[in-house]
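Worksheet: the structure to be examined is printed underneath.
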There are 2 protein chains.
Amino acid sequence: MDSRTLIRFLFLFFVTAVVLLLTCTNVPFSDKPENLTENRFFQSNLKQPSKPTTTTATHRHASAIPRHPLDPLTVTELHDLRSTLLSHALFQNSYAIHSAVIEEPEKPVVLTWRHGDPLPPRKAEVIARVDGVTHVLIVDLGTRKVISVDVGEHSGYPTMTIEDMTSSTWVPFENAEFNRTIMARGVDLKDLACLPVSLGWFGKNEENRRLIKVQCFSTEGTVNFYMRPIEGLTVVVDMDTKQVVEITDKGRNIPIPKAAGTEYRYSAQNKKVNLVNPISMEQPKGPSFVIEDDHLVKWANWEFHLKPDPRAGVIISRVMGRDPDSGEMRNVMYKGFTSELFVPYMDPSDAWYFKTYMDAGEYGFGLQAMPLDPLNDCPRNTYYMDGVFAAGDGRPYVRSNMVCVFESYAGDIGWRHSESPITGMEVREVRPKVTLVVRMAASVANYDYIVDWEFQNDGLIRVKVGLSGILMVKGTPYINMNQVNSSENLHGTLLSENVIGVIHDHYVTFYLDMDVDGPQNSFVKVNIKRQETTVGESPRLSYLKAIRNVAKTEKDAQVKLKLYDPSEYHVVNPSKKTRVGNPVGYKLVPGGTAASLLDLDDPPQKRGAFTNNQIWVTPYNRSEEWAGGLFTYQSKGEDTLAVWSERDRTIENKDIVMWYTLGFHHVPCQEDFPIMPTVSSSFDLKPVNFYERNPILNIPPNTEKDLPVCNVASSA
Amino acid sequence: MDSRTLIRFLFLFFVTAVVLLLTCTNVPFSDKPENLTENRFFQSNLKQPSKPTTTTATHRHASAIPRHPLDPLTVTELHDLRSTLLSHALFQNSYAIHSAVIEEPEKPVVLTWRHGDPLPPRKAEVIARVDGVTHVLIVDLGTRKVISVDVGEHSGYPTMTIEDMTSSTWVPFENAEFNRTIMARGVDLKDLACLPVSLGWFGKNEENRRLIKVQCFSTEGTVNFYMRPIEGLTVVVDMDTKQVVEITDKGRNIPIPKAAGTEYRYSAQNKKVNLVNPISMEQPKGPSFVIEDDHLVKWANWEFHLKPDPRAGVIISRVMGRDPDSGEMRNVMYKGFTSELFVPYMDPSDAWYFKTYMDAGEYGFGLQAMPLDPLNDCPRNTYYMDGVFAAGDGRPYVRSNMVCVFESYAGDIGWRHSESPITGMEVREVRPKVTLVVRMAASVANYDYIVDWEFQNDGLIRVKVGLSGILMVKGTPYINMNQVNSSENLHGTLLSENVIGVIHDHYVTFYLDMDVDGPQNSFVKVNIKRQETTVGESPRLSYLKAIRNVAKTEKDAQVKLKLYDPSEYHVVNPSKKTRVGNPVGYKLVPGGTAASLLDLDDPPQKRGAFTNNQIWVTPYNRSEEWAGGLFTYQSKGEDTLAVWSERDRTIENKDIVMWYTLGFHHVPCQEDFPIMPTVSSSFDLKPVNFYERNPILNIPPNTEKDLPVCNVASSA
């Protein structure tokens, strides 16, 4: 074979391998749903998940039927949906299904529905591109009719399909210039791994056609190819025509960093170290939660509906807490989910400036959530929930073990009091803290986002985002900082020879439709302010007081957090008071925060303008769920939360939605190489005069007789 | 008996009961150390602690000998110390020992000492009041000589002794006016519980005599007497003469709140609720840490010295992390501890304005740490460490189970990466996160502070403070908010009928003597700033860059955190670089923060001026350990961290100490009644280019065969 033939052969080999892998990772159901194959690819690698806690957890997706108005589309429904679509005139043309999810019934319908009632009509919302035009369709699954068709009104394109992402990365291989430059760098085509990088919007170049930038890496000698960038080489690809639009090649003088030291797989470690003995959370009587009808989670004082979603990852709905006195289940939150992510990198150069990812709207946060690893991603006694999604052709596939639910006990204290030597009374009362965690982990190419919804039995909900995975790095000729002129800006940290970890931010924006004891709520800023005393009033000159300000309109509720002008942020039900007359409420407790500092007129910041404040409150509106807009991809930012909020609608004593953005500035350090220890940040939703008193006053302490008797595993 | 006789009888009965309780709670050693009694009072209530993990953990205090230069004084040493003091001329007069702790050897001596070397001379630092004058004595325990005697130079008095606190509360009982007003309120003297409240300094009234304010509560019908204040009644007591100085009685029209609903003991609950099945952290092969020579903790990559301290609570010293490549133990921190707390309440009225507690310097954070409750304060497989302290007369006593050490696994993820559908490669690597926790819980009268030092095997140290226990509440005539005029400031939240939870702040200031690869360090603010691009440079208008600013002097290192002007805060060793040339360092990652907003000239804020910034850095100085000053009690604030820092000494490439203050604003809510669910906040010390790479790359994932086999306890 001459070298061209070899390249072609390798290319074909590579493409075949990729197609094979993809087919296996997201195994579609055949049209005969009884012929089930679930994610065979990972199955072999999986330990048997722990015993499911409910009899409905056997994942018999083929025969699954919806039992709750909010249940996601089942395999059967997705098949039916596809048939309905394919028989519609529109779909006689070339099409791609970008999203097919349950069209949730109107809120009042869901709120009045009771277990045992017939389900409201099941409808699907489909986002499809047909002949290059984006359509939003509503399909009635009962009548098998398309009941509405809309074409998208805003700039931007829908979330990419998995097929978009993968097929784009093959396109450059057909380009001779691309092949030449790869060869010139001494990289074997068989060692090439390419990534589809969303390119945002900066002007005319990113308008009127659906584009992607492809950048490549060498996999030679490592599975961690992210550490071996072919720096400066960017191929612009038209995702619809599958053609190369432009190639930029500005890094020829930059060596590809070494493979040595980049492997993170356990099997590839030379020196293995056992730092700790086995430790495990054990529950001799089994976990305390049940999951009814596949999606309804009941644990301790809590009940909520849980479903995987291709865009949001996980959607938590109908969150209710049990009143310890009345036993009544009281509404807390109608719906909560990860609405959007915004991840701008801080390098303005040609191969980097556009890296301003919006992972939910561009890539699908749920689409990127891979099967969780039992015993490592989640502990023993975990319940695993699968995602059932539609592929680009509309066929259903199962993402197994996508979400996990488990109880956690870290040795923490729920509440305690000892009487001290001062009083000398014999009192010591301590209650252990046990929580329920709902987890998913999305791997958006290199990065891994771990999203936890943690429920405490005292009424607190903690939403935590952990960052792990692998840095997006930049090649550099430098191998030591002593080569770098002090005036030069590396845009990051030299992590290893020829490797710079580029500075970036992460913003994760949550949609929180709070319904505190019902939908009609108000947002109250409880401002904590210094009050000077008057002369003679007190030996004190000053003290702090709390001033309640009810937000009348959206602009009143645009909050930039300030350490020296602090507030508490309450969502209250103005029509409901406690026994002693306080409005019942939940407060948002911001966690470790970072604010976006980019220029407000910078195109990425316009698109990510939902990060201009840390908190926003909007009136409930079915069409306002995605903070970066329904069509985020290449959008100009004219459909973001920031734009909606500028309308300044009234929000007092209304059905309102609160939005909170967790932020991280990430200046990489060497400890992040070659894979990052998890960094987490969280915020809390905490009852504030929601319960009349501490709701876990009457739970028992641990006693020796209740705890398990454990032995070393016989096989150990 | 007439009523006076009855009162006298009851008073005597009460005093006897209190004395009895105290004697039992802090059982002093007799002069014959073999006659040991450890904390009998709580012992009966204690479950047997889990198996100790080292053979030295049998707490044979009588025969304990020091084995490390930093070890606390042993029982024998305290006995010897007392003999030495009593034979000194000074102690022929009336005296009280306020503190007797090891005088740590000079830092170079400790740093060069190696296991097996003879111990440097053992010395004690004693703070004693003799005939009303504060003395600081250094005693050589080898030669049994007092080698220096100093009288305190600053305003203020030493930390109260337990005897000061308890005896003050009896003084009012001898006062007829006090008895009359108690009777007038219909409270039986036998139902009276009184607390010693430190009164700060506001001017001449708090000078030249050692005073305390005593406030009382009714214990009738509840152990939670804190919820039944006798509002407005304040008795000023001279702690030295044990005389009533003044009585203020301004709350006669305020009813004492009901006892109903205030009980938190499990035994007193009518309706008990089991929300969850038993859950436990199990370690079939035992815990992975060892504690050598009673105080040297070794776990995973970590080694440190741990000791209880009467003022700080817990002192962590000589913290070293193992380099994963060289195996070398590398210095991280020389010494870390809770230096001071500042807890100002936000009510300027007569009975409240002075409540501006400094719990370490006034009450002794360690003195208030009570025995931990096995299985509830700390999980199974915990090691418990006792405190050995000196009583007011110099005799040693044991506070058993004061500190606990355990491994924690909450189901969290140390690091992870899955390859995504985008690349389709078969990779999924996840490592569970296991940590080591050192915990104590101080009950400073009503409040409980849980302090955790949590070590992660990736090099991160998390310092967490949890607040639980019982609110300090104020009596009020109101039983519903509808009675309150909207212009009226309640200074808090109506929690229950006649009960207001008063707004307050908590500041917990930590001393962090970082020695990153040795004592000579610099403090670097890595400022994250927007950089606008130049015309034509990039389609981007802006990006963020990191600018390193080395702090030259103390004032450069006075930091107020700003969300919109963020920095990272590094302590680096300027003489040591990584392989690729980054300075090795650790960064302080601030946690949820609150800043003090009081007027800087307000007397409490002058005394608590160490909270004027969140971060400070000072040059190492043996005499600067207590942020509120060595003699905090009634001090004017002329010996605080803020005053030291104003000297603006150079701190570049020097042995430096970093100070960080965790802050909480607490606007109480009904869920805090009658006992508060724990609220936590934390900060991290995180390696930043300290290790060449992720230091836990080569640890194994969990596998089923390593985990325990557990059964329901047969007794359950």
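Observations on the model:
- For segment B:624-633, a tally of residues being surrounded by 24 or more Cβ atoms within 10 Å (Cβ to Cβ) and either of a type in the set (Asp, Glu) or under 19 Å from A:Arg540 (Cα atoms) (or both) returns 3.
- Identification of strands (runs of 3 or more DSSP E) wholly contained in segment B:647-716 with 2 or more residues that are surrounded by fewer than 23 Cβ atoms within 10 Å (Cβ to Cβ) and more than 7 Å from chain A (Cβ to nearest Cβ) yields B:654-666, B:676-688.
Okay, residues lined up against (1) buried (at least 24 other Cβ atoms within 10 Å of the Cβ); (2) in contact with a Lys or Arg (Cβ under 7 Å, 6 or more places away or on another chain); (3) β-branched (Val, Ile, Thr):
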site	(1), (2), (3)
B:Lys474	yes, no, no
B:Pro477	no, no, no
B:Met481	no, no, no
B:Asn485	no, no, no
B:Leu490	no, no, no
B:Val499	yes, no, yes
B:Phe510	no, no, no
B:Val516	yes, no, yes
B:Lys525	no, no, no
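- Failed criterion for A:Val223 (all others in (1) surrounded by fewer than 16 Cβ atoms within 10 Å (Cβ to Cβ); (2) over 30 Å from A:Thr632 (Cα atoms) hold): (1)
- Some residue of segment B:80-90 being part of a helix (DSSP H, G or I) and more than 29 Å from B:Ser400 (Cα to Cα): yes
- Of the listed requirements (1) touching a helix residue (DSSP H, G or I) at 6+ places or on another chain (Cβ under 9 Å); (2) hydroxyl-bearing (Ser, Thr, Tyr); (3) facing another protein chain (nearest Cβ under 7 Å), A:Ser443 misses just one: (1).
- Look at (1) part of a loop (DSSP other than H, G, I, E, B); (2) crowded, with 21+ Cβ neighbours inside 10 Å; (3) of a type outside the set (Asp, Glu) and you find that A:Gln605 fails only one, number (1).
- Within segment A:256-295, if we keep just the residues that are of a type in the set (A, V, I, L, M), in a strand (DSSP E or B) and surrounded by fewer than 21 Cβ atoms within 10 Å (Cβ to Cβ), the residue that is farthest from the other protein chains (Cβ to nearest Cβ) turns out to be A:Ile291.
- The set of residues in segment B:424-435 being surrounded by 23 or more Cβ atoms within 10 Å (Cβ to Cβ) and of a type in the set (A, V, I, L, M) consists of B:Val430, B:Val434.
- Of residues in segment A:324-354 being under 28 Å from A:Asp515 (Cβ atoms) and among the hydroxyl-bearing types (Ser, Thr, Tyr), the one nearest to the other protein chains (Cβ to nearest Cβ): A:Ser326
- Entry remark, segment A:596-614: residues being more than 8 Å from chain B (Cβ to nearest Cβ), more than 18 Å from the chain's Cα centre (by Cα) and of a type outside the set (D, E, K, R) number 5 in total.
- Residue count for segment A:384-440, restricted to those that are over 15 Å from B:Ser468 (Cα atoms) and assigned to a strand (DSSP E or B): 26
- Qualifying residue in segment B:381-390 (condition: at positive phi and at the interface with chain A (Cβ under 10 Å from one of its Cβ atoms)): yes
For every residue, the table says whether it meets (1) modelled with pLDDT of 95 or more; (2) closer than 23 Å to B:Ile162 by Cβ; (3) of a type in the set (Lys, Arg).
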residue: B:Pro72; (1), (2), (3): yes, yes, no
residue: B:Leu86; (1), (2), (3): yes, yes, no
residue: B:Ala89; (1), (2), (3): yes, no, no
residue: B:Asn93; (1), (2), (3): no, yes, no
residue: B:Ala96; (1), (2), (3): yes, yes, no
residue: B:Ile102; (1), (2), (3): yes, yes, no
residue: B:Pro105; (1), (2), (3): yes, no, no
residue: B:Pro108; (1), (2), (3): yes, no, no
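- Filter pass, B:Leu199 being within 14 Å of chain A (Cβ to nearest Cβ) and either surrounded by fewer than 18 Cβ atoms within 10 Å (Cβ to Cβ) or within 19 Å of A:Ile422 (Cα to Cα) (or both): yes
- Residues in segment B:355-364 that are assigned to a loop (DSSP other than H, G, I, E, B) and within 11 Å of another protein chain (Cβ to nearest Cβ) were compared, and the one that is surrounded by the fewest Cβ atoms within 10 Å (Cβ to Cβ) is B:Lys355.
- Which numbered condition B:Pro432 misses (of (1) within 8 Å of another protein chain (Cβ to nearest Cβ); (2) at negative phi; (3) under 15 Å from the mean Cα position of the chain (by Cα)): (3)
- Segment B:281-292, residues that are hydroxyl-bearing (Ser, Thr, Tyr) and either modelled with pLDDT under 95 or touching a helix residue (DSSP H, G or I) at 6+ places or on another chain (Cβ under 8 Å) (or both): none
- Any chance A:Asn376 is in a loop (DSSP other than H, G, I, E, B), closer than 30 Å to B:Tyr266 by Cα, within 12 Å of chain B (Cβ to nearest Cβ) and not aromatic (Phe, Trp, Tyr): no
- Meets criteria (among the hydrophobic types (A, V, I, L, M, F, W, C), assigned to a loop (DSSP other than H, G, I, E, B), away from every other protein chain (no Cβ under 12 Å) and closer than 27 Å to A:Trp644 by Cβ) for A:Val516: yes
- Conditions (1) more than 7 Å from chain B (Cβ to nearest Cβ); (2) under 23 Å from the mean Cα position of the chain (by Cα); (3) outside any strand (DSSP E or B): number failed by A:Thr593: (1)
- Hits in segment B:525-575 (condition: of a type in the set (A, V, I, L, M, F, W, C) and free of Cβ contacts under 8 Å to residues at least 12 places away in the same chain): B:Val535, B:Leu541, B:Leu563
- B:Phe304 buried (at least 21 other Cβ atoms within 10 Å of the Cβ), at the interface with chain A (Cβ under 8 Å from one of its Cβ atoms) and more than 30 Å from B:Arg265 (Cβ to Cβ): no
The values are calculated or read from the model by the stated rules, or taken from the named source; none is laboratory data. A quick note: this is a predicted structure, and the numbers were derived from the prediction, not measured. Every residue, glycine as well, gets a Cβ built from its backbone with ideal geometry; the counts of neighbours run over all protein chains shown.
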